[in-house]
């Protein structure tokens with residue numbers, strides 16, 4: 001996914017030791033064009049194996065709900081930290097620069113989280129849960145989160 005974001009000129013952040021990374025989409029079009037989805041088909045096939053169609057259907061479900069957010073916003077598409085480095089503040093570090101920019105510009109931010117353990121990280125950074133969905137009606141819960149720009153102090 002990072003290759004696709006880089007090809008599209010979308011902001012990508014990585015710690016110096018590659019322990020954490022974040023992929024963002026600036027306000028405006030956030031969805032990957034079909035041409036990019038096709039380029040990523042082989043790597044996604046390797047990653048998801050026989051579950052690829054289920055993963056694609058889940059992605060469509062998530063994107064459909066995201067598309068309902070009509071206000072221009074920053075979109076955190078992916079945030080990850082190596083398991084052995086979790087709890088060290090790297091996730092917050094990956095959020096900090098874009099959220100500061102969003103606050104200066106008065107622009108909200110949006111994300112989805114499929115891991116309930118990550119909700120406190122996002123809530124500490126002023127995101128609030130605005131909806132939950134069950135992937136494909138019976139799968140895991142995905143939390144949709146929104147963050148209004150924060151006043152500068």
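The values are calculated or read from the model by the stated rules, or taken from the named source; none is laboratory data. Since this is a predicted model, take the numbers as computed values, not measurements. Counting neighbours? That spans all protein chains shown, and the Cβs are built from the backbone with ideal geometry, glycine included.
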For region 34-57, state whether one or more residues are within 30 Å of residue 138 (Cβ to Cβ), under 13 Å from the mean Cα position of the chain (by Cα) and at pLDDT below 95. no
Checked region 98-120 for anything under 15 Å from the mean Cα position of the chain (by Cα), assigned to a loop (DSSP other than H, G, I, E, B) and modelled with pLDDT of 95 or more; matches are 108
Which number in (1) closer than 14 Å to residue 74 by Cα; (2) surrounded by 14 or more Cβ atoms within 10 Å (Cβ to Cβ) marks the one condition that residue 105 misses? (2)
Residues to consider are 63, 132, 123, 88; find the one that is modelled with pLDDT of 90 or more and either surrounded by 17 or more Cβ atoms within 10 Å (Cβ to Cβ) or within 16 Å of the chain's Cα centre (by Cα) (or both). 123
Considering only residues that are in contact (Cβ under 8 Å) with a residue 12 or more places away in the chain and either assigned to a loop (DSSP other than H, G, I, E, B) or under 14 Å from residue 117 (Cα atoms) (or both), which ones fall in region 76-87? 79, 80, 81, 82
Per the filter on region 135-153, residues surrounded by 12 or more Cβ atoms within 10 Å (Cβ to Cβ) and not in a strand (DSSP E or B) are 135, 136, 139, 140, 148, 149, 150
